[in-house]
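Everything below concerns the one structure shown next.
The values are calculated or read from the model by the stated rules, or taken from the named source; none is laboratory data. Owing to the predicted nature of the structure, the values given are computational and were not obtained by experimental measurement. Note that we place each Cβ from the backbone using ideal geometry, even for glycine, and neighbour counts take in every protein chain shown.
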Amino acid sequence: MTGTHLGMPAFPEAAREAVRDEVLRANLRHATHTIRDKRARAVAELEDWDRLRAAGKAVKDHTLAHLDRYLLQLEASVTAAGGTVHWAADADEANRIVTELVLATGEKEVVKVKSMATQEIGLNEALEAAGIAAYETDLAELIVQLGHDRPSHILVPAIHRNRGEIRDVFAAEMGGWGRPAPEGLGDDPRELAEAARLHLREKFLRAKVAVSGANFMVAETGTLVVFESEGNGRMCLTLPETLISVVGIEKVVPTFRDLEIFLQTLPRSSTAERMNLYTTMWTGLGPSKGADGDGPSAFHLVLLDNGRTDTLADEVGRQALRCIRCSACLNVCPVYERAGGHAYGSVYPGPIGAILSPQLRGTGSEIDATLPYASTLCGACYEVCPVAIDIPEVLLHLRERVVQGGPVTREGIRVRIRPADGHTAERAAMRAARILLDHPGALRAGERLLARARRLRPRRLPGPGRAWTDSRELPELPEHSFRDWWAQREKAGREKAGREKAGPAKVEPAKVEPAKPEHEKGARP
Amino acid sequence: MSAKEQILARIRRALPEPRPDTGIPRDYLAVHGARTPAETVDLLAANLTEYRAKVHRVDEDGIAVLLRRLLAERGSESVLVPPGLPPSWTAAVDATLIHDRADSTAHQLDAVDSVVTGCALAIAETGTLVLDGGPEQGRRRITLIPDHHICVVRVPGQVVDSVPRALPLLDPTRTLTWISGPSATSDIELDRVEGVHGPRTLEVVLLGAQ
């Protein structure tokens, strides 16, 4: 899986940069709060939401448990309907297949429907290397592409940009890709959308090849489904002669009827609407390019693994494959809201990205080893997930893997990984803590020492402790340890009781002084 | 080993046999709430309106006049009609009727002002029109490229309550287009803007005894 960018800093570093950016934080706060409130209302409309959620989870779990069977059934259905199915074990293989298919048409440009899978494999870059221009047609993706930027949200990839920034990007960059932005373009969203409409329409009307992903694939019928709002999806799925869809193998569902669940839960979780504006469902080439008499005359489906079967092999982590990419978890996450999507260093940002990316890519890189820590474990992501992925559970599971190492599956092979770098200090500290806690005397002596040195407390720990204080303030040291405070309190209580017995007396404020523990002399080192 | 064999082998290694076949709980509702057919049509109208479609109600006698007025108000000079559209609907229209032909190019369609179609069915709870390429609807591209789409829904006959009621009536081998309002985007600061690439104006005519 590509998508880690060269020199990408680990999450804590990237997040520290991001939270300093006040414009970014304001853009994010506005957007995430707007959509999370709307979503809550849309979900509250359905009294059977919990049952839909349970059904969606069950469909996905059932499909994953029999994934081989359903993929074979899907292949047969798509082929029977006039499509061609290709299988790609990894990103390189998928990119090679798509590039060859495009080159075979003799075309040098393709229009694209927003797709997470093609971002994950770096398809645009691969096509560019082969001399093929790939035009993103979703407005937000266009903003990202023209801005030489990276997406930062699953649903609204340009969520980190405000209207002024978008205006500047359009004015500066549109001319280099095709129709330039109108003279004197303002920053009204209406005007900006109009500029995008004009810029992209000339591409839609001449495009011969389109590349898409899909939200769902139906094994029983071979039907693919794309949810969208703008109509760019319909343009790409209708007008070109060749359609190539790159879809992760986990997107299959068994029956056409199963769509009734996700057609209700995905729009409400994602855009907070009762239904997204446009949904297209197509089955191969249709009855002889048939009933409707239009649409592409060639359809290719590329089934993508790229780490998904490795994820499937992990009993705890496999639930991430239920994800339907609604992005509700991003919008409720306090960490995402402040750090933004770029900090996650993967095409899947937010809570789902924090569990999906380290599983698809492995925890070998610095960024992937830090992603399981990009969370407060508050559980809000689990609450809103329409397929009930227990993200906190998987985060903890992955943290354990990062720190302890252990058995994982990489490229289909069972291997045992070593603990990630940077966690040796943490393990050493935990071992030391265990020794200390087993020896109360030593702990007591240490605590007292710390209390005396409290004014010398540094803001960040030196040496191996540094990583820990990278993302945390070192706590204030109390004047007394809890045990000393408790002993003092008990002693004061006893003295008070004695005085009261003897008659009323002026109560002096308790003078707090670390009590000398009686048994200290006998303490073991 | 081919990629296909490789992927299937990985799946089988990841999932040890036997794999119990747990059922899917389908205790979710088929319809949300109880409504009379008239109330279902009202709900469709309300939900379409909320997503900025313009909704009109008319009976068989009035549709020709209504369509003429809607096209004239917009100043449409040309209007696309699918092959099976009842001629009586467009009998009074002043604009030039353009019949969709297989050889008309996307650029030619781009020069047309409006399109009038029927639909396969409409879903009240979500405010959705479903087109399946039938004779009253024509090819997908004719409802996509022009900027103004008038869609006629026969009420109450073509209206269903909910998504679970709609799917069994649809044929998955046909290409299906679900439309819930005019094209819109929320990609700029989540401000909703109507009309990006699809029709910027969607008018829905609810046709039936009033």
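Just checking, which of A:Glu393, A:Glu337 is charged (D, E, K, R) and modelled with pLDDT of 95 or more? Spell out the reasoning first.
Values: A:Glu337 fails: modelled with pLDDT of 95 or more.
One residue alone meets the criteria, A:Glu393.
If you check every pair at least six apart or on different chains, which have Cβ atoms under 7 Å apart with a residue in the stretch A:36-49 that is free of Cβ contacts under 8 Å to residues at least 60 places away in the same chain and closer than 22 Å to A:Glu337 by Cβ first and a residue that is assigned to a helix (DSSP H, G or I) and of a type in the set (Asp, Glu) second?
As it stands, the answer is none, since no pair meets every condition given.
Return only the number of the condition from (1) part of a helix (DSSP H, G or I); (2) in contact (Cβ under 8 Å) with a residue 12 or more places away in the chain; (3) under 23 Å from A:Pro180 (Cβ atoms) that A:Glu128 does not satisfy.
(2)
Among the residues of the stretch B:1-41, which ones are of a type in the set (Gly, Ala, Ser) and surrounded by 14 or more Cβ atoms within 10 Å (Cβ to Cβ)?
Residues satisfying the conditions are B:Ala3, B:Ala9, B:Ala14.
Within the stretch B:91-108, how many residues turn out to be in contact with a Lys or Arg (Cβ under 8 Å, 6 or more places away or on another chain) and under 29 Å from B:Val159 (Cβ atoms)?
The total comes to 3.
Could you check the stretch B:86-103 and list, in sequence order, the residues that are surrounded by 14 or more Cβ atoms within 10 Å (Cβ to Cβ) and either of a type in the set (Gly, Ala, Ser) or under 10 Å from B:Leu67 (Cβ atoms) (or both)?
Answer for the stretch B:86-103, where residues must be surrounded by 14 or more Cβ atoms within 10 Å (Cβ to Cβ) and either of a type in the set (Gly, Ala, Ser) or under 10 Å from B:Leu67 (Cβ atoms) (or both): B:Trp89, B:Thr90, B:Ala92, B:Val93, B:Ala95.
Filter the stretch B:144-156 down to residues that are touching a Pro at 6+ places or on another chain (Cβ under 9 Å) and either under 30 Å from A:Leu52 (Cα atoms) or within 9 Å of chain A (Cβ to nearest Cβ) (or both) and give me whichever is surrounded by the fewest Cβ atoms within 10 Å (Cβ to Cβ).
Looking at the filtered set, the residue picked out is B:Pro156.
Please indicate, with yes or no, whether at least one residue in the stretch B:9-27 is at pLDDT 95 or above, more than 13 Å from chain A (Cβ to nearest Cβ) and more than 30 Å from A:Pro386 (Cβ to Cβ).
Checked the stretch B:9-27: no residue is at pLDDT 95 or above, more than 13 Å from chain A (Cβ to nearest Cβ) and more than 30 Å from A:Pro386 (Cβ to Cβ).
Please go through the stretch A:342-399 and give me each residue that is farther than 16 Å from A:Thr32 by Cβ and of a type in the set (D, E, K, R), ordered by number.
If the condition is that a residue be farther than 16 Å from A:Thr32 by Cβ and of a type in the set (D, E, K, R), then A:Arg361, A:Glu366, A:Asp368, A:Asp390, A:Glu393, A:Arg399 are the ones that fit.
Suppose we filter the stretch A:92-125 for residues that are of a type outside the set (A, V, I, L, M), within 12 Å of another protein chain (Cβ to nearest Cβ) and touching a residue at least 60 places away in the same chain (Cβ under 8 Å); how many remain?
Summing the residues that are of a type outside the set (A, V, I, L, M), within 12 Å of another protein chain (Cβ to nearest Cβ) and touching a residue at least 60 places away in the same chain (Cβ under 8 Å) in the stretch A:92-125 gives 1.
Do you know which of the residues in the stretch A:222-252 that are more than 22 Å from the chain's Cα centre (by Cα), more than 9 Å from chain B (Cβ to nearest Cβ) and touching a residue at least 60 places away in the same chain (Cβ under 8 Å) is surrounded by the most Cβ atoms within 10 Å (Cβ to Cβ)?
Restricting to residues being more than 22 Å from the chain's Cα centre (by Cα), more than 9 Å from chain B (Cβ to nearest Cβ) and touching a residue at least 60 places away in the same chain (Cβ under 8 Å), the top hit is A:Cys236.
Which condition from (1) within 14 Å of chain B (Cβ to nearest Cβ); (2) modelled with pLDDT of 95 or more is the one that A:Pro151 breaks?
With respect to (1) within 14 Å of chain B (Cβ to nearest Cβ); (2) modelled with pLDDT of 95 or more, A:Pro151 is out only on (2).
Can you tell me which residue among A:Ala343, A:Ala328 is out of contact with any strand residue (DSSP E or B) (no Cβ under 7 Å at 6 or more places or on another chain), within 21 Å of A:Arg268 (Cα to Cα), buried (at least 24 other Cβ atoms within 10 Å of the Cβ) and among the aliphatic types (A, V, I, L, M)? Give the derivation first.
Numbers: A:Ala343 fails: within 21 Å of A:Arg268 (Cα to Cα).
Exactly one of A:Ala343, A:Ala328 is out of contact with any strand residue (DSSP E or B) (no Cβ under 7 Å at 6 or more places or on another chain), within 21 Å of A:Arg268 (Cα to Cα), buried (at least 24 other Cβ atoms within 10 Å of the Cβ) and among the aliphatic types (A, V, I, L, M), namely A:Ala328.
Out of all the residues in the stretch A:262-278, which are outside any loop (DSSP other than H, G, I, E, B) and within 7 Å of another protein chain (Cβ to nearest Cβ)?
At the first step, the residues of the stretch A:262-278 found to be outside any loop (DSSP other than H, G, I, E, B) are A:262-270, A:278.
The answer is A:Leu263, A:Gln264, A:Tyr278.
Could you identify the single residue in A:Ala89, A:Ala133, A:Ala80 that is more than 25 Å from the chain's Cα centre (by Cα) and within 14 Å of another protein chain (Cβ to nearest Cβ)?
A:Ala80
Need pairs with beta-carbon distance below 8 Å; first residue among the aromatic types (Phe, Trp, Tyr) and within the stretch A:61-82, second surrounded by fewer than 20 Cβ atoms within 10 Å (Cβ to Cβ); sequence gap 6+ or separate chains.
Listed pairs, sorted by first residue: A:Tyr70/A:Pro254.
Looking only at the stretch B:71-85, which residues are within 14 Å of B:Thr117 (Cα to Cα) and either exposed (fewer than 15 other Cβ atoms within 10 Å of the Cβ) or among the β-branched types (Val, Ile, Thr) (or both)?
Correct list: B:Val79, B:Val81, B:Pro83, B:Gly84.
With the structure loaded, tell me whether A:His160 is in contact with a helix residue (DSSP H, G or I) (Cβ under 9 Å, 6 or more places away or on another chain), crowded, with 22+ Cβ neighbours inside 10 Å and not hydrophobic (A, V, I, L, M, F, W, C) or whether it fails that test.
Working: in contact with a helix residue (DSSP H, G or I) (Cβ under 9 Å, 6 or more places away or on another chain): yes; crowded, with 22+ Cβ neighbours inside 10 Å: yes; not hydrophobic (A, V, I, L, M, F, W, C): yes.
Judged against the criteria, A:His160 is a match.
Has the stretch A:342-356 got any residue that is touching a His at 6+ places or on another chain (Cβ under 9 Å), over 25 Å from A:Leu64 (Cβ atoms) and not in a loop (DSSP other than H, G, I, E, B)?
The answer is yes, given that some residue of the stretch A:342-356 is touching a His at 6+ places or on another chain (Cβ under 9 Å), over 25 Å from A:Leu64 (Cβ atoms) and not in a loop (DSSP other than H, G, I, E, B).
Mind checking whether some residue in the stretch A:190-207 is assigned to a loop (DSSP other than H, G, I, E, B), touching a strand residue (DSSP E or B) at 6+ places or on another chain (Cβ under 6 Å) and either surrounded by fewer than 24 Cβ atoms within 10 Å (Cβ to Cβ) or among the small types (Gly, Ala, Ser) (or both)?
For the stretch A:190-207, residues assigned to a loop (DSSP other than H, G, I, E, B), touching a strand residue (DSSP E or B) at 6+ places or on another chain (Cβ under 6 Å) and either surrounded by fewer than 24 Cβ atoms within 10 Å (Cβ to Cβ) or among the small types (Gly, Ala, Ser) (or both): present.
Could you grab me the full set of residues in the stretch B:182-210 that are more than 7 Å from chain A (Cβ to nearest Cβ), of a type in the set (A, V, I, L, M, F, W, C) and under 16 Å from B:Arg141 (Cα atoms)?
Result: B:Leu202, single match.
Per-residue answers, yes or no, for (1) surrounded by fewer than 23 Cβ atoms within 10 Å (Cβ to Cβ); (2) part of a loop (DSSP other than H, G, I, E, B); (3) touching a residue at least 12 places away in the same chain (Cβ under 8 Å):
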position	(1), (2), (3)
A:Ile367	no, no, yes
A:Thr370	no, no, yes
A:Pro386	no, yes, yes
A:Ile389	no, yes, yes
A:Pro392	yes, no, yes
A:Val403	yes, no, yes
A:Pro407	yes, no, no
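Could you grab the pairs with beta carbons closer than 8 Å, sequence gap of 6+ or different chains, first residue in the stretch A:478-494 and over 15 Å from A:Ala445 (Cα atoms), second one surrounded by fewer than 13 Cβ atoms within 10 Å (Cβ to Cβ)?
A:Gln488/A:Glu513
Looking only at residues that are crowded, with 18+ Cβ neighbours inside 10 Å and within 14 Å of chain A (Cβ to nearest Cβ) in the stretch B:51-70, which one is farthest from B:Gly133 (Cα to Cα)?
Top of the filtered list is B:Tyr51.
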